[in-house]
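The values are calculated or read from the model by the stated rules, or taken from the named source; none is laboratory data. No experiment lies behind these values; they were computed from the predicted model shown. Backbone-built Cβ (ideal geometry, glycine too); neighbour counts: all protein chains shown.
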Amino acid sequence: MPVQPILRLGTRRSPLAMAQAHEARARLCAAHGWDESAVELVPVVASGDKVQDRPLAEIGGKALWTRELDQWLVEERIDAAVHSMKDVETIRPDVIAIAAILPRADKADRLLGAASIAEIPAGARVGTSAPRRAAQLLHLRPDVTVVGIRGNVATRMAKLKAGEAHATFLAAAGLDRLGEDDVGVRLDPQVWLPAPAQAAIGIECRRDDARTRELLAGIDHVKSHAEIAAERRLLEGLGGSCSSPIAALSRISAGRIELNAAIFSPDGTVRIADAAEFEVGDDQAPLELARTLLNNAPPEVAEHFGEAT
């Protein structure tokens, strides 16, 4: 057993983040034949976990999930950081590289509190702070009311049980990773589009750290990495932020990616959708899809995104 860990892996402290870090450690140890003690998990309290009573867009956006881990990484207090990729900003610091994406889990959302979107009672209060979920719901069910609800999985389930909302949504992957695989009703991701990069665990390290990049390459899932790269490139083209209602689903077959995407007005009244199919590694096609979506969007939608590039 090593006296010093071979790799220091930073993670947020939430139960889901810790579960993801444990999965990353297990995969690293299996790939390299290490004892578990070879990878030290280093929990870091993220700003986003400290403030849970306001939407992310009001308090700093997705950077609240990565700021502290980025700092620890740059200061070499950790060698790598584990993230939920849907929470990672589209444009990252030049000194940081996405070195590995683990095999992607179920991309779907689950609905808690009702058997289907159609069966949510008229006038019900549905809890979510995700612009995508809110807009997509209101597009289908303008007769319900969206109320803000944040917090980790357990907190949101408790708020639902306490009656703060009649229904809510959670990512299937997060529930599965916490052993809550029997909670809620799975929504078909081809109909209810997920968030870009949903269900993907990513590991970042310093770009110039060749040793760590080589170690992480041993657990990189090429297919999942290609999907995440395409979806993040779409986000880049849209100029989206955490307040932009964006949904996307990619699938790979025979070396080609099919990328379906939709953008909404925040109130859900307008939905613009399109799709593209392209070779894996084509980083221009997602930008072209973004341009098409924005060019087809009316002002009340386009104003929530960047300019078409």
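Look at T309 and say whether it is at pLDDT 95 or above, farther than 23 Å from V222 by Cα and of a type outside the set (A, V, I, L, M).
Judged against the criteria, T309 is not a match.
What strands (runs of 3 or more DSSP E) completely inside the range 154-253 contain at least 1 residues that are closer than 24 Å to Q71 by Cα?
By residue number, 201-206.
Return the residues of the range 9-19 that are surrounded by fewer than 24 Cβ atoms within 10 Å (Cβ to Cβ) and not hydrophobic (A, V, I, L, M, F, W, C); say none if nothing qualifies.
Passing the criteria: R13, S14, P15.
Residue by residue, here is whether (1) surrounded by fewer than 15 Cβ atoms within 10 Å (Cβ to Cβ); (2) without any contact (Cβ under 8 Å) to a residue 12 or more places away in the chain; (3) among the hydroxyl-bearing types (S, T, Y); (4) more than 24 Å from H83 (Cβ to Cβ) holds:
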site	(1), (2), (3), (4)
V222	yes, yes, no, no
E231	no, no, no, no
G239	no, no, no, no
A247	no, no, no, no
R256	yes, no, no, yes
L259	no, no, no, no
I272	no, no, no, yes
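Looking at R186, R132 in this structure, which one is among the basic types (K, R), surrounded by fewer than 22 Cβ atoms within 10 Å (Cβ to Cβ) and at negative phi?
Only one candidate passes the filter, namely R186.
Just to be sure, is E236 within 20 Å of L287 (Cβ to Cβ) and over 14 Å from the mean Cα position of the chain (by Cα)?
Here the answer is yes, as E236 does meet what is asked.
What are the pairs with Cβ atoms under 8 angstrom where one residue, in the range 94-105, is touching a residue at least 40 places away in the same chain (Cβ under 8 Å) and the other, located anywhere, is crowded, with 19+ Cβ neighbours inside 10 Å and polar (S, T, N, Q)? Sequence gap at least six, or different chains.
Hits for this filter: A99/T212; I101/S224; L102/S224; P103/S224; R104/S224.
Identify, please: which residue in the range 261-270 is touching a residue at least 60 places away in the same chain (Cβ under 8 Å) and buried (at least 24 other Cβ atoms within 10 Å of the Cβ) and is, among those, nearest to P189 (Cα to Cα)?
Checked the range 261-270; the qualifying residue nearest to P189 (Cα to Cα) is A261.
For the subset of the range 226-265 comprising residues that are among the polar types (S, T, N, Q) and in contact with a strand residue (DSSP E or B) (Cβ under 9 Å, 6 or more places away or on another chain), which member is modelled with the lowest pLDDT?
Restricting to residues being among the polar types (S, T, N, Q) and in contact with a strand residue (DSSP E or B) (Cβ under 9 Å, 6 or more places away or on another chain), the top hit is S244.
Of all residues in the range 1-49, which are modelled with pLDDT of 95 or more, assigned to a loop (DSSP other than H, G, I, E, B) and either of a type in the set (F, W, Y) or within 21 Å of A173 (Cβ to Cβ) (or both)?
W34
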